[in-house]
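**Q** Handing you a structure now.
The values are calculated or read from the model by the stated rules, or taken from the named source; none is laboratory data. Just so you know, these numbers come straight off a predicted model, no measurement behind them. Cβ placement follows ideal geometry from the backbone for every residue including glycine, while neighbour counts extend to all protein chains displayed.
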Number of protein chains: 2
Amino acid sequence: MKKIPLYFFVIIVCTAFASAIAFAQDQLPSWNDGPAKQAIIDFVKATTDTGSPKFVPPEARIAAFDQDGTTWVEKPMYTQVMYCLERVPALAKAKPELKNVEPFKTVLSGDRAAMARFTMPDLEMILAATLTGMPVEQFNAEVKEWLAKAKDPRWKRPYTELVYQPMLEVMKYLRDNGYKTYIVTGGGQDFVRVYSEQVYGIPPEQVVGTVGATRFGYDKSGKPFLTKVPKLLLNDDKAGKPEGIHLVIGRRPVAAFGNSIGDKEMLEYTQAGDGVRLIVLVHHDDAEREYAYGPKSKVGNFPDALMAEAKKNGWIVISMKNDWKRIFAFDK
Amino acid sequence: MKKIPLYFFVIIVCTAFASAIAFAQDQLPSWNDGPAKQAIIDFVKATTDTGSPKFVPPEARIAAFDQDGTTWVEKPMYTQVMYCLERVPALAKAKPELKNVEPFKTVLSGDRAAMARFTMPDLEMILAATLTGMPVEQFNAEVKEWLAKAKDPRWKRPYTELVYQPMLEVMKYLRDNGYKTYIVTGGGQDFVRVYSEQVYGIPPEQVVGTVGATRFGYDKSGKPFLTKVPKLLLNDDKAGKPEGIHLVIGRRPVAAFGNSIGDKEMLEYTQAGDGVRLIVLVHHDDAEREYAYGPKSKVGNFPDALMAEAKKNGWIVISMKNDWKRIFAFDK
């Protein structure tokens, strides 16, 4: 028999000791006790207990989180759309010819009602102009600078503070149990990567999003760099979400969190794998502390049909009003 | 002052103890002592020593490895091309109409000389027919089945045994020092992902390669699945390598390993980042133990100009003949 070295046992004992201390605490303190919290805890316990028939080996522990409306506020407008609109003045300064061209002229006028009537091609022009055409590093710096100054119109706080504290706790709880957490967003992959580590503790390589192409080239001094170009490689929404997961991750998640019809295919695809799964929908039913736009409100992207599918398939539906003790870290 | 718990110190002591044992061993035993081995060790020591001006924080420790010719044999043909050719009989069985259509007819004839004259459109037809048109899971199963049976014509061994043992040691050495190792290959991302964990200890999500699109859909029973479709999203070769790195990883590696002109842009892009870098080229100069097709041989994809660039930029050039004690794990 091969002799097992002493230090091996010492490490085991230390790890067990540290784990015991960690597990004595409630890892989801911003959650009210209830079926949603319990389902998450049951899932984590079952998939990490080597004696459980539902055990999931560490390398397969992949959890996918939609972003807008699932991990942070998406109203009154997606944060990235706010970014694009608020970048237009700086853009018009650099390219004055845009000042008299629609849709830029309307954005510069500040007429919110007119902006609300923008068509999809209008928005695409604004997105292309503000998200592409520059080196990757310059884009990252511009987003970073904006995030440091921009404020949400309702809470008058930086957007990066409008993340849902209960979801941050779930992410950390999953990571503490060997899960790799991914953002899988319809938002721009490069945009979210700028702040994902700081805001979610998720490194850039674990962000899957809508992907525009880059083009390799050299500057005048011969230094190589990448330019963001207006060519869509993947629209990471609806059917694009499982496609994006395959593109970047290459395996099926065992847990997925969403909040809208844009997440339906990701949730279905996650559930279709073998073994136990955790499928979660965030229901925005708290107009007082955040917003209410679920099925009953008849606005937003959470139609009755999605709620029906959730019930039929046994998905966990989080009531923000009832399941969350607090919404934001700054809530009392 | 906040009291630091006892278990914290116990963990520190254990970790230090285990590390001391690990570092007493030579982690690159298949390497001869020389400048290449020394450069790799110096790089790892400098970037992981918190007191070093060249220290790289753990989250930025990304190392990229080309595959064909860098981590395994690429002659007489890329393994994936062998796969595609050897899949044609099974394909023709399922679709008999292909039997009389070129280039499939030639492949089925077994005429190697005629196959060697295939044009790029011929090869593209074969690749599209064998790599796309099926569900992702079916493709994975087909590749797995082939890898278990197929043999390299020279060594009569499975292709997965024709990996360079010294490079496996470098990968492990880097990982033991907090590096995330990635394959960045011109080969198919989905193809390499099938065996990357088993062969390299690299999980599927750390494989960047040439990417074809997938299409989400439902089978007759309503179960969602992804089909591989013949639409190229990224050709992960030459300028496509840094573009692919940005797409999947989202940050610049600090170490990169290649062996041909197809890796030039990846090596340049890696070197152009701030701080210390490790840039390595494998030079195939060992006709006896493997193959010789470097600059002097005037064949292959390692022209004089690349060697000149390596010298000018201080890249490490590995001589397989002189730097590697053995090439394969099965070598004496």
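Conditions tested, residue by residue: (1) out of contact with any strand residue (DSSP E or B) (no Cβ under 8 Å at 6 or more places or on another chain); (2) more than 11 Å from chain B (Cβ to nearest Cβ); (3) within 14 Å of A:Asp66 (Cα to Cα).
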site	(1), (2), (3)
A:Gly178	yes, yes, no
A:Arg193	no, no, yes
A:Glu197	yes, no, no
A:Arg215	no, no, no
A:Thr227	no, no, no
A:Pro230	no, yes, no
A:Gly240	no, no, yes
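**Q** For region A:276-315: of the residues being among the polar types (S, T, N, Q) and away from every other protein chain (no Cβ under 14 Å), which is farthest from A:Thr71 (Cα to Cα)?
**A** Our first condition is that a residue be among the polar types (S, T, N, Q); within region A:276-315, this holds for A:297, A:301, A:313.
Now narrow it down to the ones that are away from every other protein chain (no Cβ under 14 Å): A:297, A:301.
Numbers: A:Ser297: 21, A:Asn301: 16 Å.
Per the stated criteria, the residue is A:Ser297.
**Q** Among what's in region A:227-247 and is touching a Pro at 6+ places or on another chain (Cβ under 9 Å) and part of a strand (DSSP E or B), pick the residue that is nearest to B:Glu137 (Cα to Cα).
**A** The selected residue is A:Lys228.
Okay, residues lined up against (1) modelled with pLDDT under 95; (2) part of a helix (DSSP H, G or I):
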{"site": "B:Gln25", "(1), (2)": "yes, no"}
{"site": "B:Ile40", "(1), (2)": "no, yes"}
{"site": "B:Glu74", "(1), (2)": "no, no"}
{"site": "B:Met77", "(1), (2)": "yes, no"}
{"site": "B:Cys84", "(1), (2)": "no, yes"}
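**Q** Name the residues in region B:154-189 that are within 14 Å of the chain's Cα centre (by Cα) and not in a helix (DSSP H, G or I), would you?
**A** Result: B:Leu162, B:Val163, B:Tyr164, B:Lys180, B:Thr181, B:Tyr182, B:Ile183, B:Val184, B:Thr185, B:Gly186, B:Gly187, B:Gly188.
**Q** Which ones in region A:276-302 are farther than 30 Å from A:Pro57 by Cβ and modelled with pLDDT of 90 or more? Quick ask: steps written out before the conclusion?
**A** In the first step, residues of region A:276-302 are kept if they are farther than 30 Å from A:Pro57 by Cβ; the result is A:283-302.
If the condition is that a residue be farther than 30 Å from A:Pro57 by Cβ and modelled with pLDDT of 90 or more, then A:His283, A:His284, A:Asp285, A:Asp286, A:Ala287, A:Glu288, A:Arg289, A:Glu290, A:Tyr291, A:Ala292, A:Tyr293 are the ones that fit.
**Q** Those residues that are under 21 Å from A:Lys238 (Cβ atoms) and within 18 Å of the chain's Cα centre (by Cα), I need them from region A:279-310; list them, please.
**A** If the condition is that a residue be under 21 Å from A:Lys238 (Cβ atoms) and within 18 Å of the chain's Cα centre (by Cα), then A:Ile279, A:Val280, A:Leu281, A:Val282, A:His283, A:His284, A:Gly300, A:Asn301, A:Phe302 are the ones that fit.
**Q** What are the residues in region B:316-332 that are touching a helix residue (DSSP H, G or I) at 6+ places or on another chain (Cβ under 7 Å) and closer than 16 Å to B:Asp66 by Cβ, if any?
**A** Answer for region B:316-332, where residues must be touching a helix residue (DSSP H, G or I) at 6+ places or on another chain (Cβ under 7 Å) and closer than 16 Å to B:Asp66 by Cβ: B:Ile316, B:Val317, B:Ile318.
**Q** Restricted to region A:45-73, and to residues that are polar (S, T, N, Q) and within 12 Å of A:Val276 (Cα to Cα), which residue is surrounded by the fewest Cβ atoms within 10 Å (Cβ to Cβ)? Steps first, answer last, please.
**A** First, the residues of region A:45-73 that are polar (S, T, N, Q): A:47-48, A:50, A:52, A:67, A:70-71.
Adding the requirement that they be within 12 Å of A:Val276 (Cα to Cα) leaves A:47-48, A:52.
Details: A:Thr47: 25, A:Thr48: 18, A:Ser52: 12.
It comes out as A:Ser52.
**Q** Could you check region B:107-124 and list, in sequence order, the residues that are crowded, with 18+ Cβ neighbours inside 10 Å and either in contact (Cβ under 8 Å) with a residue 60 or more places away in the chain or closer than 23 Å to B:Glu142 by Cα (or both)? Reasoning before the result, please.
**A** Taking region B:107-124 first, the residues crowded, with 18+ Cβ neighbours inside 10 Å are B:107, B:115, B:118.
Residues satisfying the conditions are B:Val107, B:Met115.
**Q** Shifting gears a bit: Looking at B:Gly250, B:Gly209, B:Gly273 in this structure, which one is assigned to a loop (DSSP other than H, G, I, E, B), more than 8 Å from every other protein chain (Cβ to nearest Cβ) and modelled with pLDDT of 95 or more? Even if it seems obvious, please write down each step before you answer.
**A** On the way: B:Gly250 fails: more than 8 Å from every other protein chain (Cβ to nearest Cβ); B:Gly209 fails: assigned to a loop (DSSP other than H, G, I, E, B).
Exactly one residue qualifies, and that residue is B:Gly273.
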